[in-house]
Amino acid sequence: MDLLHTGKAPKAIAPYSQGVIFLDGKLLYTCGQIPMDADGNVISGGIEEQTKQALNNIEEILKAGGSSKDKIVKVTIFLSDLADFEKMNEVYAGFMDGHKPVRSTVEVSRLPKDVLIEIEVMAER
């Protein structure tokens with residue numbers, strides 16, 4: 001298993017890696033990405049802005065691991081409020097640009113740093 005790190009996404013805020021590569025380099029998992037910039041600052045704004053930042057972070061980690069968003073096979077999205085589902089989904093659909101990996105979306109009671117969204121993915125390399 002190889003650990004991933006890129007300075008183009010926020011550092012882990014606890015003892016975990018931004019991503020890992022395994023199964024003889026065929027798969028990549030990202031850790032959950034919240035809407036923080038590469039300097040570790042939570043970005044302001046509503047669900048649209050926060051979704052875009054979390055997805056941008058994921059894209060940077062995928063690039064660092066030799067993958068890309070069109071190779072994502074599974075997405076898990078955690079929302080602090082399912083009322084944000086439609087707005088989040090609009091940003092997500094634009095980011096995926098027609099690519100439709102399997103996905104789960106769940107509401108949780110609270111996310112790190114009190115953000116509105118956290119997203120993790122599994123992708124091919």
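None of the figures in this text is laboratory data; all of them are computed from the coordinates on show. This is a predicted model, so every value here is computed, not measured. Here the Cβ positions follow ideal geometry from the backbone for every residue, glycine too, while neighbour counts run over all protein chains shown.
Summary table
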read-out: Residue order, fewest to most surrounding Cβ atoms within 10 angstrom, among Asp97, Asp2; value: Asp97, Asp2
read-out: Chain lengthening between Glu86 and Leu3 when straightened (0.36 nm per residue, less Cα-Cα); value: 26.5 nm
read-out: Crossing angle, helix 47-64 versus the chain [Cα axis fit, 0-90 degrees, rounded to tens]; value: 0
read-out: Rounded to the nearest 20 debye, dipole of the chain from Cβ charges on Lys, Arg, Asp, Glu; value: 380
read-out: Gyration tensor verdict on segment 12-106 (Cα atoms; rounded if a/c is under 1.5, prolate if a/b is larger than b/c, oblate otherwise); value: oblate
read-out: Computed [θ] at 222 nm, helices only, for the chain once each DSSP H run of length n ≥ 4 contributes -39500 (n - 2.57); value: -8000 deg cm²/dmol
read-out: Set Lys8/Lys87; Lys74/Lys113; Lys87/Lys113; Lys71/Lys113; Lys63/Lys87; Lys63/Lys100 screened for pairs whose C-alpha atoms are more than 23 Å apart; value: Lys8/Lys87; Lys74/Lys113; Lys71/Lys113; Lys63/Lys87
read-out: Packing-based exposure ordering (other Cβ within 10 Å, fewest first) of Val108, Val121, Val75; value: Val108, Val75, Val121
read-out: Least to most buried among Asp37, Asp114 (fewest other Cβ within 10 Å first); value: Asp114, Asp37
